[in-house]
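The values are calculated or read from the model by the stated rules, or taken from the named source; none is laboratory data. Fair warning: this is a prediction, and the values are worked out from it, not measured in the lab. Positions of Cβ are generated from backbone atoms using ideal geometry, with glycine treated the same way; all protein chains shown enter the neighbour counts. Accessible surface is based on the protein model in full, side chains and every heavy atom, while ligands, DNA and RNA are left aside. Shrake-Rupley method; radii C 1.70, N 1.55, O 1.52, S 1.80 Å.
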Amino acid sequence: MKALLEAIEAGCEDWDLAQAIDPARLPEHVAIIMDGNGRWARRRRLPRIAGHQAGIAAVRSTVETCARLGLKVLTLYAFSVENWKRPRVEVETLWRLLRYYLRQELPELQKNDIRLQAIGRLDALAPQVRRELDAAVEATSANRGLVLNLAINYGGRAEIVDAMNAVLDMARLDGRLQSLKFDEDLISTSLYTASCPDPDLLIRTSGEMRISNFLLWQIAYAELYVTETLWPDFSRTDLLRAVLEYQKRDRRYGGLSGSPDAAPINGSAQSGDPSFVEALRPS
Ligand code: IPE
Ligand code: IPE
Ligand code: MG
């Protein structure tokens with residue numbers, strides 16, 4: 001947060017927005033559906049590819065702002081399992097741009113102590129893309145600041161299917177198949193995002209009111225923020241506005257405002273949690 005204020009010129013709009021943010025109530029995990037590149041290009045009578053190119057600057061500024069704010073995790077939806085349906089030239093451009101981004105941004109990621117991770121069906125990536133992605137993940141693996149999760153060839157349903165199959169394979173190997181039972185914890189810890197807290201804030205650009213198969217399990221209690229801004233135009237100001245709006249929300253998790261029941265689902269009291277059971281025990 002302090003790092004963010006240092007980066008902003010005093011007195012400008014972003015300065016006022018950043019001053020209004022409560023550093024004690026920042027979202028831990030922000031997830032973004034980066035949408036609207038095609039429409040951005042069409043409005044300028046440019047090919048769709050130009051929109052994807054322009055979107056890279058928005059990725060850069062968003063990553064930097066999240067790191068300076070001191071967030072723990074930023075997950076960006078870069079390519080969905082459904083995006084293969086697009087024309088081959090567009091799909092190839094998206095992979096080319098991913099490689100360009102990785103090469104271009106690696107020094108910045110290192111400088112800002114950002115750890116890169118990728119979630120999705122990565123085995124389906126072209127070997128060259130996969131190699132460069134793995135190398136960037138490895139190169140930043142000791143960083144301790146923001147975790148930047150790129151969702152690549154990602155689908156929420158595919159992720160749940162993969163998690164279930166991984167658990168079944170493991171149980172078969174260990175001879176525990178007969179007694180295997182699923183619970184929420186087992187599923188959460190078998191997803192690609194096992195090591196991350198669930199998103200607190202889900203942002204979608206370009207006004208579309210849908211989830212498009214993104215983090216279906218993890219967004220159970222995320223606050224949703226949809227902006228008409230198209231992804232290439234999404235600026236630091238837009239991100240700060242989204243965080244401020246998030247801080248105005250009353251997160252109840254099915255409980256009541258301000259009561260202990262309103263604690264985060266991953267945080268404390270919920271049924272089945274030993275501390276909850278303990279609290280019910282007669283003294
Ligand atoms: C998002 O922009 C980028 C990806 C899905 C990879 P779009 O390409 O979906 O842009 P619109 O929705 O057509 O404007
Ligand atoms: C979601 O955007 C996927 C990404 C941002 C990578 P899409 O443009 O693919 O989603 P739909 O088709 O509008 O639902
Ligand atoms: Mg779209």
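Note on the range 1-117: enclosed helices (runs of 4 or more DSSP H) holding 2 or more residues that are within 11 Å of ligand 1 (Cβ to nearest atom) and farther than 20 Å from LEU201 by Cβ are 37-43, 48-69, 88-111. In the set (1) more than 15 Å from ligand 2 (Cβ to nearest atom); (2) at pLDDT 95 or above; (3) open to solvent by 20 Å² or more (accessible area, probe 1.4 Å); (4) of a type in the set (Asp, Glu), ASP35 fails one condition alone, (1).
Filter the range 204-220 for residues that are of a type in the set (A, V, I, L, M) and within 11 Å of ligand 2 (Cβ to nearest atom); which is nearest to ALA163 (Cα to Cα)? First the steps, then the outcome.
Of the residues in the range 204-220, the ones of a type in the set (A, V, I, L, M) are 209, 211, 215-216, 219-220.
Now restrict to residues that are within 11 Å of ligand 2 (Cβ to nearest atom): 209, 211.
On the way: MET209: 27, ILE211: 20 Å.
Of everything passing the filter in the range 204-220, ILE211 is nearest to ALA163 (Cα to Cα).
The set of residues in the range 224-258 being of a type in the set (Lys, Arg) and either assigned to a loop (DSSP other than H, G, I, E, B) or open to solvent by less than 20 Å² (accessible area, probe 1.4 Å) (or both) consists of ARG249, ARG251, ARG252.
Applying the selection to the range 136-154, what residues are open to solvent by less than 60 Å² (accessible area, probe 1.4 Å) and outside any strand (DSSP E or B)?
We begin by selecting, within the range 136-154, every residue open to solvent by less than 60 Å² (accessible area, probe 1.4 Å); these are 136-137, 139-141, 143, 145-154.
Residues satisfying the conditions are ALA136, VAL137, ALA139, THR140, SER141, ASN143, GLY145, LEU146.
Within the range 57-90, being open to solvent by 20 Å² or more (accessible area, probe 1.4 Å), more than 10 Å from ligand 2 (Cβ to nearest atom) and over 21 Å from ILE219 (Cβ atoms) holds for ALA57, ARG60, SER61, GLU64, ALA67, ARG68, GLY70, TRP84, PRO87, ARG88, VAL89. Of the residues making up the range 44-53, those that are in contact (Cβ under 8 Å) with a residue 40 or more places away in the chain and surrounded by fewer than 21 Cβ atoms within 10 Å (Cβ to Cβ) are ARG48, ILE49, GLN53.
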